[in-house]
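Notes to accompany the following structure.
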Amino acid sequence: MSKSPQSIVVLSGAGISAESGIETFRSEDGLWANHPVDEVATPEGFARNPSLVYEFYNMRRRQLLSDKIRPNAAHTALAKFEHEFPGSFLLVTQNIDNLHERAGSQNLLHMHGELLKMRCLNSKMVFDIRKDIGFDTHCRCCRSPGNVRPHIVWFGEMPFHMQQINSALQSCDLFVAIGTSGNVYPASGFYQTAKIRKAHTVELNLEETGSAFDSHVYGPATEVVPAYFEALLAT
Ligand code: NAD
């Protein structure tokens, strides 16, 4: 792009957390490989077999809270950029981990929910949770067991914060997608929304995804994200 951007929207996906040790959705090994999406990531799957769904997210929560999982250089570079950039900056993540906030990101929206939150099935109130969730988990509002679910957006459900995200996409002049395959709707269409208002669109990914961004930078997130955002600050 020719002049410095004033307003930036960044979308991150599972690829930004891969080098922190969290498997991506499509990696061939790891937690997702043995768990079909319709069993563990749909409302119907939860209705059919809540124990399986609880256990799937309990495993992921335990993994996230282990000492081994830490923010990497890509998460840190985004937080540093946000701190130093004088214009408007919004980070939208599809990730349900907490690595962006642990790195220091502030203006951050979790469009697909958060692993360290649970929601009451009756009141829809949201609570922090660091332990396992199960049938014996007492909801903190209705005080009964078995009334909670992971605060995760499953396939077929509406992502969170869409109004705020769309409004930021329509007014940004730079949109950057990091480590996302472009297979999950509606995030896959964000770059097109940004382009309608003539934003420059950039993809940072390990490999080609086939999406029609204006420019592409390929490589591991821990290398390409710090390099890209340091260069952007210098423009
Ligand atoms: P995805 O698994 O579909 O795609 C991951 C993308 O990251 C791929 O395009 C891949 O090429 C790229 N990638 C892999 N390693 C990379 C690296 N080291 N550096 C840069 N890029 C790398 O993930 P998605 O597009 O985010 O969509 C999948 C859905 O799964 C999302 O809804 C997300 O909520 C969920 N998910 C989240 C997490 C997490 O919270 N960390 C992990 C797995 C899946």
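On C-alpha positions alone, give me the angle between the axis of helix 221-233 and the longest principal axis of the chain, in degrees, nearest 10.
50
So, in nm, how far is label Ala212 from label His138 when the simple model puts each one 7 Å beyond its Cα toward the Cβ?
5.7
Rounded to the nearest 500, what is the 222 nm mean residue ellipticity of the chain from helices alone, with -39500 (n - 2.57) per DSSP H run of 4+ residues and division by all residues?
Numbers: 9 runs with 77 residues, N = 235.
Calculated mean residue ellipticity at 222 nm is -9000 deg cm²/dmol.
Over the Cα atoms of the range 142-235, how large are the radius of gyration and the largest Cα-Cα distance (Dmax), in Å?
16.7, 56
For a quick check: with amide H placed at 1.01 Å from N, whose amide H comes under 5 Å from Lys117's, ignoring anything fewer than 5 positions away on the same chain?
Those lying under 5 Å, H to H, from Lys117 are Ile129, His151.
Pick from Thr180, Thr93, Thr42: which residue has the top mean-square fluctuation in a GNM of the chain where Cα pairs under 10 Å get a spring?
Residue with maximal mean-square fluctuation among Thr180, Thr93, Thr42: Thr42.
Report, to the nearest 10°, how far helix 162-171 tilts away from the longest principal axis of the Cα atoms in the chain, using its own Cα long axis and a range of 0 to 90°.
Once rounded, the angle reads 0 degrees.
Could you work out how far apart the two model spin labels at Ser4 and Asn183 are, taking each label as a point 7 Å from the Cα in the direction of the beta carbon, and quote it in nm?
Label-label distance for Ser4 and Asn183, simple model: 4.0 nm.
Binning at 5 Å from 0, report for the range 50-108 what percent of all alpha-carbon pair distances ends up in each bin.
That works out to 4, 17, 23, 19, 14, 10, 7, 4, 2, 0, in percent per bin.
Working with all protein chains in place, sort Lys195, Lys80, Lys124, Lys68 by solvent-accessible area computed with a 1.4 Å probe, largest first. Present the calculation step by step, with values, prior to reporting the outcome.
Details: Lys195 70, Lys80 105, Lys124 125, Lys68 175 Å².
Heavy-atom accessible area, descending, gives Lys68, Lys124, Lys80, Lys195.
Under 8 Å for C-alpha pairs, at least 6 residues apart: give me the relative contact order for the chain, rounded to a whole percent.
24
Taking 0.36 nm per intervening residue step and subtracting the Cα-Cα distance, what contour gain separates Asn122 from Met59 on full extension?
Residue separation times 0.36 nm, minus the Cα-Cα distance, leaves 20.2 nm.
Pull out the extension gain between Leu52 and Arg130, defined as 0.36 nm times the separation in residues minus the alpha carbon to alpha carbon distance; nm, one decimal. Walk me through the numbers on the way to the answer.
On the way: separation 78, 0.36 × 78 = 28.08 nm, distance 1.83 nm.
Taking Leu52 through Arg130 to full extension adds about 26.3 nm, to one decimal.
If I fit a long axis through the Cα atoms of helix 73-84 and take the longest principal axis of the Cα atoms of the chain, what angle between them do I get, 0 to 90°, rounded to 10?
60
Considering the alpha-carbon set of the chain alone, what are its Rg and its Dmax in angstrom?
Taking only Cα atoms of the chain, I get Rg and Dmax of 18.1, 58 Å.
I want to check the label-to-label distance for Arg197 and Met158. Put each point 7 Å from Cα in the C-beta direction and report it in nm to one decimal.
2.1
What dipole magnitude, in Debye to the nearest 20, does the chain give about its Cα centre under +1 on Lys/Arg Cβ and -1 on Asp/Glu Cβ?
Once rounded to the nearest 20, the dipole reads 860 debye.
Relative contact order (percent) for the range 70-177, with alpha-carbon contacts under 8 angstrom and 6 or more residues of separation?
Once divided by the residue count of the range 70-177, the mean separation gives 21 percent.
Using modelled backbone amide H atoms (1.01 Å from N, in-plane), which distant-in-sequence or interchain residues come within less than 5 Å of Thr137's amide H?
Distant-sequence amide H within range of Thr137: Gly146.
Sorting check: for 97-110, 212-225, which peptide has the highest mean count of neighbouring beta carbons within 10 Å, and how do the rest follow?
97-110, 212-225
The values are calculated or read from the model by the stated rules, or taken from the named source; none is laboratory data. Bear in mind that the values here come from a model prediction, so they are computed numbers and not experimental data. Heads up, the Cβs are rebuilt from the backbone with ideal geometry, glycines too, and the neighbour counts pull from every protein chain shown. Just so you know, the surface numbers come from the protein's heavy atoms only, side chains and all, with ligands and any DNA or RNA stripped out. Shrake-Rupley method; radii C 1.70, N 1.55, O 1.52, S 1.80 Å.
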